[in-house]
Structures are given as structure tokens and as C-alpha cells.
Amino acid sequence: MARIQQRSCNYRHLELGEGEAAPNAPWQPWFIRGLGGLLALLLGGASVALLVRPSSEQAQASSAGVQDFLRLQQNDNCEEYFRQDRDCGSKAYWECVHDDGSWGYQCCCHHGWGDFTNNTHFTTGMISRASHPERCIDLSTPYAHVASLVPFTQGDAFVQLCNWGNPNKHFRVPRKGKGKIHWATHPKYCLGVRDGLGFDGNTLRLQRCWGIPSQWTTFIFEPRPNGPGTLIRWAANPSKCLWVSGGWDGAQLKMSTCREKDDTELFLVKPPLPKPKKDSYPLLFCLSLMLPFGYEMDLMKAQWLHGIGIFGCKDHAVYSNKSITFVNGSRNLTTDVMPGSMQVQFGGQWHTALNTDIFIRFWGKVTRDHRSWRNHWVAKLDPDAVFFAGRLQQVIASVWPDGDARKPVFLNNCHLGMHGPLEVINRHALGVYRKHWKECVKGEPYQHKQEDLYFRHCWELLHIEKINVYNLLFERAWACDERSETWDGRHPCFSKQVSFHPFKSEAAYMQCYERGAAMGWSTPLGASGEVPSQANGHHG
């Protein structure tokens, strides 16, 4: 198939969802629809804009072929895009705000949002055997090629250890009654009985939810009234149930005659954990230093209005060198004033802000803030860093369950050295810094005029223990040599990270936050101390 090198027009995919009716659209003559399909076939790799809106079942079937053809062209082009060692690290593809018409934008910003929602009728999570809850249903071959973005419909479903961050293991299912097992990452695809044959031992595969006879992918969910587990019957033949032959890795998901008292046919749907509460351990005091003008004010106000970012912490504060009040009805937020100028010069190897002196004043004020001492940890966030406070709580609790490290500690977010958008230090370390901060000003650390360089050298000089946690911060342009594990076409903001940086407009910030907030995992985040490398795919 010829490759599409430039996208010149937008086009849409017509997809009928569960329970959706065909759209009422104006009639189009058969020869126009036929001409559109012929034109697409003749042009092959050319960029074609087609919006087919048939008004009959026959026309729907005809247009589906054209749309599938165009979709394959787009997906094929995205495969080629990523094969050429391109990625989504540029500003345009990171922020995904202004569509520049390029294929890079389409491949990085318009693919695979997924559906991880939970409500009274549906739940999204991992599906495990009731008797082996440590092993979950997985897809043997989710994609034909790593970067193709096209789900592979020939790989069987089987069970493996439940990896909390693996999106292949997340499915959206009805809580009870009849419905489909949607793959959460690509909800137009469902688990279905291979070839629609219900004999004992037949396997299940990923299939188009509505591209084959619908009964192949329809099941009946029957929660057991007197114990954990759900029986999953095949709607086309309710005497057949889903079954796993064993509790080992690689055991296939198969069809079997229902044996209602056999726990090999009972499954648990493990929904995402509830988000930690602000007052749960560890207790966090989260702060940002804000310029009294420009985009930082817009970002902080948006975070405050939505109760996200630093405002998801038990205690929070915005420092600035001017008193500024945000007002929303009866609510208001006033900055804590840190006297002195916030003007900086730019320079150094990376032409970044030479802001060490400003942040020496900042951390001095933090040591005098009573809120620092009634919490376990202090987290400083740049205003343009998308931050999930609950994830930071989970990461810290995975190492120190009660939140208290009982020794001076700071968290290192990058194997190249701590980066400044997120700095995390516990109150024991803050106490050491309060007593001995002048040693850093008089010593080697003060040679470094970028604040993150200064403080990582300062805290090490003061013998504050460094704990490597490389899933604290994900930065544009892979600044810490990381790669997103969402190589399947979803935006990096879907990754299992605590924070993402930078997003300098409110629209870009909120879009990243909403993508991240849509994700949930059945087990809490842990601290990843493994250095990104070729061996581990740079954490991708």
C-alpha cells in the first residue's frame, strides 16, 4: 500500500456504538458513493477527504468499506511515522492544541483515547480468575506491529500476572446482565468467540465489536449471590461459559460447558482503586511559586477552580512576590507573599532560568511555613506541571506505608539528576536544610545557578539521602531519556506517571489532566528506581 506523506484534509470515521442508531443523514445517489470508493481505490496513497452519510443499511455497508480503507491508510501512515524513529516529543504534538494538519499531529494527538469510565452500569478494570486473583486476562498479540495502532484480531486471550500499568489488561464490562467485553484502550474492539463456534475448548480473540455477528461478542454477566466471582455466559448459547484451564501464566481463556459451582469459571472484575483522600497518608504540603503576571496566573487559577494539581493535597499554597487574590463566588484564594524580585536571566548549557537565588528565598520561606511541619512531605511544583497528588501518595506509601521515612530523604526524579518541575522532600530533610542551608551557599552547590542543579547538590552535601523514583516526572522531548509506555498511539499523558511537564496554556494543561484522570489501575503505583535504558525500552 502506498504511504500517505501529507494529510491535506480532515475526515471522520462513522462508528455505531452499542445502543446507537444509524445517523439520519441526507440521501446520496449510489453513483456518488460508488465514485467516492473508486476514487479512493485509484488514488491509493493520496490524501482524500470523504464523509459518507448513507441513509440505508445497504449504503452503510458500502460506506463502511470506504471508511475501513481510509482508516487503514491512516493507520498505515502512522506505522510508517513511528518506524522512522519519530515520536511525540515536539511542542505541537505534546500539547495537542493547534491542529497543524500534519500526520504527526494525527498520529500523536488523535489516536486511542480509550474508555476507562466507571458508572452504575459499566465498570472498567482487570478481569482475573476468582481463585487466582493475581492473574488477569491479557491479549497475546494486541497489535500486529508495535507501532501500527491497528488492533490485531488473530491473537488469543490468556491469563498473566496482573501488571497494574499494562493497558492491554483493562476491559470495560457491564456490572451484570448482557453486554460486551470492550478492550478499554480501543473500545471498538471486544473479546469474542473465535469464528462464533461454541464448542468446548474454543478460544476467545479480539474482534470488532460490531464488525462480525454481534452475538459472537455478547455475554451475560451473573455475579454470584453468595460469594465473590461472576459467571460469564455466552449469550448465543447460555450453556457455555468462559473458562480458564489453570492458574499459570499463559493459560488460555476458553469456552466450556457451564459448571456453575466450579471456580475455574468464576471471574473477578477488579476496578481501579479509589483515589487517595487528601487527608490519607502520607500527608502532603504542595506549593508553587507563581509569577504575578502572564500564563502562570492563568494556570494556577484554573487548577484552583478545578481543585487539581497542588490543590489536590491536604495543604497547599501559592507563593508570589505580590498579593494576588483569585475569586470565584464566595470562594477566594490569596497568594502568600515572598518579598523580592522574581526577575531572572537565562543562560547556562541549556539556556534555562538562572534562578538559584530566588529559590533559596523560596525554600527559606517554606521552612518558616507552619504547614511544612504538620505534613510528612513537601512537594514543589512548577505552575505548568500537570500533577496528580494521589499518585504521589501511592508512590511514597509503596516505600513507607505510613508515609514517614523517619530519616532525611529527597526523591530524585531523573537519572541525569533531579529536575525542577517537581521537587519532593520530607520534613526530616527540611529540618536538616533549615539548620545548615548556609553551608550550601558558601560551598560548591552555589556554583550552580539553576535551582534544580543547586538543590540536588545542596541536599547531597547535607547528607540528605537520595531515593531514585523515575516515574515522578515525564517531560517533553524525553528530557530524562524516558519514553511513554503508550506506544500504542495514546498520548503520553495516559502514562503511569505522577506529573507531566510542560503545558503552558490552560487548554493544553486541562487536556493532559483529563487524559491522565481518565486512567485508573487496580493496584497502586509503586516507586520505579530502574534507570531507563535500551534494555527496558526506556520505560516505554
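The values are calculated or read from the model by the stated rules, or taken from the named source; none is laboratory data. As the structure is a prediction and not an experimental result, all values here were calculated from the model. Please note: Cβ atoms are built from the backbone with ideal geometry, for glycine as well, and neighbour counts cover all protein chains shown.
Looking only at the range 197-241, filter to residues that are small (Gly, Ala, Ser) and surrounded by 14 or more Cβ atoms within 10 Å (Cβ to Cβ); which one of those is farthest from ARG259 (Cα to Cα)? Only one residue tops the list, namely GLY211.
Given the structure, is PRO276 assigned to a loop (DSSP other than H, G, I, E, B), out of contact with any helix residue (DSSP H, G or I) (no Cβ under 7 Å at 6 or more places or on another chain) and within 30 Å of ILE310 (Cα to Cα)? No, not satisfied. Against the condition in contact with a helix residue (DSSP H, G or I) (Cβ under 8 Å, 6 or more places away or on another chain) and within 17 Å of ILE137 (Cα to Cα), how does GLN215 come out, does it pass? For GLN215, the condition - in contact with a helix residue (DSSP H, G or I) (Cβ under 8 Å, 6 or more places away or on another chain) and within 17 Å of ILE137 (Cα to Cα) - is not met. Number of residues in the range 383-420 that are more than 19 Å from LYS278 (Cα to Cα) and β-branched (Val, Ile, Thr) equals 1. Consider the range 121-146 and keep the residues that are part of a loop (DSSP other than H, G, I, E, B) and small (Gly, Ala, Ser). The one that is modelled with the lowest pLDDT is ALA144.
Of the residues SER330, SER323, the single one that is farther than 17 Å from ASP382 by Cα, at pLDDT below 95 and out of contact with any helix residue (DSSP H, G or I) (no Cβ under 6 Å at 6 or more places or on another chain) is SER330.
Of the residues making up the range 185-194, those that are surrounded by 24 or more Cβ atoms within 10 Å (Cβ to Cβ) and not in a strand (DSSP E or B) are THR185, HIS186.
Of all the listed residues (LEU231, LEU289), the sole one being touching a strand residue (DSSP E or B) at 6+ places or on another chain (Cβ under 6 Å) and in contact (Cβ under 8 Å) with a residue 40 or more places away in the chain is LEU289. Of everything in the range 381-390 that is in contact with a Phe, Trp or Tyr (Cβ under 6 Å, 6 or more places away or on another chain) and assigned to a strand (DSSP E or B), the residue that is farthest from ASP402 (Cα to Cα) is VAL386.
Looking across the range 236-273 at every residue that is in a strand (DSSP E or B) and hydroxyl-bearing (Ser, Thr, Tyr), the one that is nearest to the chain's Cα centre (by Cα) is identified as SER256. Does GLY247 meet the test of being among the small types (Gly, Ala, Ser) and farther than 25 Å from LEU139 by Cα? The answer is no for GLY247. Restricted to the range 431-512, the set of strands (runs of 3 or more DSSP E) holding at least 2 residues that are under 18 Å from the mean Cα position of the chain (by Cα) comprises 473-475, 499-501.
Per-residue answers, yes or no, for (1) touching a Gly at 6+ places or on another chain (Cβ under 6 Å); (2) surrounded by 14 or more Cβ atoms within 10 Å (Cβ to Cβ); (3) among the small types (Gly, Ala, Ser):
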residue	(1), (2), (3)
ASP279	no, no, no
SER288	no, yes, yes
GLY294	no, no, yes
MET300	no, yes, no
GLY312	no, yes, yes
GLY329	no, no, yes
HIS351	no, no, no
ASN355	no, yes, no
ILE358	no, yes, no
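The residues on offer are ILE425, ILE467, ILE396, and the sole one that is surrounded by fewer than 21 Cβ atoms within 10 Å (Cβ to Cβ) and within 22 Å of SER372 (Cα to Cα) is ILE467.
With respect to (1) closer than 18 Å to SER528 by Cα; (2) aliphatic (A, V, I, L, M); (3) surrounded by fewer than 22 Cβ atoms within 10 Å (Cβ to Cβ), the lone exception for VAL432 is condition (1).
Taking (1) closer than 20 Å to ALA479 by Cα; (2) in a helix (DSSP H, G or I); (3) at pLDDT 70 or above in turn, PHE82 satisfies each apart from (3).
The condition of being closer than 18 Å to LEU473 by Cα, assigned to a helix (DSSP H, G or I), in contact with a Leu (Cβ under 7 Å, 6 or more places away or on another chain) and of a type outside the set (Ser, Thr, Tyr) does not hold for VAL378. Look at the range 494-523: where a residue is of a type in the set (Val, Ile, Thr) and a partner is surrounded by 21 or more Cβ atoms within 10 Å (Cβ to Cβ) and assigned to a helix (DSSP H, G or I), sitting 6+ places away or on another chain with Cβ atoms under 8 Å, you get VAL498/ARG391; VAL498/LEU392; VAL498/VAL395.
When you scan the range 288-301, do you find a residue that is farther than 21 Å from CYS512 by Cβ and of a type in the set (S, T, N, Q), even just one? No, the conditions are met nowhere in the range 288-301.
Output the residues belonging to the range 312-324 that are aliphatic (A, V, I, L, M) and assigned to a loop (DSSP other than H, G, I, E, B).
ILE324
Can HIS370 be described as within 30 Å of TRP400 (Cα to Cα), more than 31 Å from the chain's Cα centre (by Cα) and not aromatic (Phe, Trp, Tyr)?
Spelling it out, HIS370 is indeed within 30 Å of TRP400 (Cα to Cα), more than 31 Å from the chain's Cα centre (by Cα) and not aromatic (Phe, Trp, Tyr).
Against the numbered list (1) under 31 Å from the mean Cα position of the chain (by Cα); (2) within 25 Å of ALA302 (Cα to Cα), HIS376 comes up short only at (2). Of all residues in the range 297-311, those satisfying the criterion of being closer than 15 Å to LYS278 by Cβ, assigned to a helix (DSSP H, G or I) and either among the hydroxyl-bearing types (Ser, Thr, Tyr) or in contact with a Phe, Trp or Tyr (Cβ under 7 Å, 6 or more places away or on another chain) (or both) are GLN303, TRP304, GLY309, ILE310, PHE311.
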